Amino acid sequence: MFVILGIICGVLGFEYLDEQELAGTDSQVKDKPAGVVSIVIKVQDRTLEVYSDNQLHKTYRIAVGKSKTPTPIGEWNVVWKSYDWGTGFGTRWMGLNVPWGIYGIHGTNKPWSIGQFSSHGCIRMRNKDVEELFEWVPIGTPVRIEGRKIKISRNLKYQMTGSDVARLQLKLKELGYFGERSDGIFGIYTEQVVKNFQAEHGLEANGIVDKQMLELLGL
């Protein structure tokens with residue numbers, strides 16, 4: 001009898017925790033954003049922030065990538081949306097245009113993982129949360145992912161892709177050199193920005209980001 005009662009209380013307790021701790025972390029706004037929607041994902045905090053005309057509208061708890069399969073930092077866009085995308089992805093999927101893999105914001109059949117570093121790089125939400133967000137987010141919505149600082153351990157140059165390239169672009173943007181989206185692609189524009197930085201700092205303007213330039217940038 002006591003064992004059964006304990007199980008029932010445990011289930012009810014988890015459901016309450018699921019509602020209170022794993023839900024949005026603000027005042028639980030239900031209204032659709034009235035303005036232009038954008039998203040900021042803070043990997044270290046495991047939160048997803050929804051903005052309306054650059055004003056914070058709602059915050060959700062999320063799960064993000066494990067250290068071996070990190071969530072890609074950078075500036076992306078939602079490029080496709082789908083219902084029931086596949087087993088384990090919950091009830092909604094919003095794909096991001098990350099060039100080196102398939103990443104998205106999606107639901108989960110493991111709600112206890114929310115708030116953890118537990119995914120393969122995607123952003124997990126509770127199904128009821130992702131269903132709400134899905135209705136607010138049009139194709140093209142900008143998604144900025146801010147994460148732990150990535151150590152760049154290779155020389156970066158034209159035609160490379162990766163989170164380390166996105167980290168470089170974000171740093172150059174912070175310093176006022178880079179004026180486009182930090183998309184993790186070392187294209188012609190990124191190469192020219194690197195050359196401009198190198199020329200201004202007395203380095204060979206070859207467009208290759210080596211150890212010396214990384215040290216100057218503090219990366």
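The values are calculated or read from the model by the stated rules, or taken from the named source; none is laboratory data. As the structure is a computational prediction, the values presented were derived from the model and not from experiment. As a convention, Cβ positions derive from the backbone with ideal geometry for all residues, glycine included, and neighbour counts pool all protein chains shown. Note: accessible area is taken over every heavy atom of the protein model, side chains too, but ligands, DNA and RNA are not part of it. Shrake-Rupley method; radii C 1.70, N 1.55, O 1.52, S 1.80 Å.
Observations on the model:
- The number of residues in region 40-97 that are under 12 Å from Ser119 (Cβ atoms), within 9 Å of the chain's Cα centre (by Cα) and assigned to a loop (DSSP other than H, G, I, E, B) comes to 3.
- When residues of region 31-42 are limited to those that are open to solvent by 10 Å² or more (accessible area, probe 1.4 Å) and at pLDDT 95 or above, the one farthest from Met125 (Cα to Cα): Val36
- Scanning region 27-46 for residues that are within 11 Å of Thr141 (Cβ to Cβ) and touching a residue at least 24 places away in the same chain (Cβ under 8 Å) gives Pro33, Val37, Ser38, Ile39.
- For region 112-131, a residue qualifies if it is surrounded by fewer than 20 Cβ atoms within 10 Å (Cβ to Cβ) and of a type outside the set (Ser, Thr, Tyr), and the qualifying residues are Trp112, Gly115, Gln116, Phe117, His120, Gly121, Asn127, Lys128, Glu131.
- Residue in region 93-100 that is surrounded by fewer than 21 Cβ atoms within 10 Å (Cβ to Cβ) and more than 20 Å from Val37 (Cβ to Cβ) present: yes
- Annotation: of all residues in region 81-91 being of a type outside the set (Ser, Thr, Tyr) and at pLDDT below 95, the one that is most open to solvent (accessible area, probe 1.4 Å) is Asp84.
- Filter result (open to solvent by 50 Å² or more (accessible area, probe 1.4 Å) and among the hydroxyl-bearing types (Ser, Thr, Tyr)) within region 153-207: Ser153, Tyr158, Thr161, Tyr177, Tyr189
- Condition check for Asp53: surrounded by fewer than 20 Cβ atoms within 10 Å (Cβ to Cβ), closer than 26 Å to Arg167 by Cα and either touching a Pro at 6+ places or on another chain (Cβ under 8 Å) or not hydroxyl-bearing (Ser, Thr, Tyr) (or both): yes
- Positions within region 106-125 being closer than 25 Å to Pro138 by Cβ and in contact (Cβ under 8 Å) with a residue 60 or more places away in the chain, in sequence order: Ile114, Ile123, Arg124, Met125
- If the condition is being over 29 Å from Leu56 (Cβ atoms) and touching a Phe, Trp or Tyr at 6+ places or on another chain (Cβ under 9 Å), then region 133-164 contributes Leu156, Lys157, Tyr158, Gln159, Met160, Thr161, Gly162.
- Filtered by the rule that a residue be among the β-branched types (Val, Ile, Thr) and buried (at least 19 other Cβ atoms within 10 Å of the Cβ), region 141-152 gives Thr141, Val143, Ile145, Ile152.
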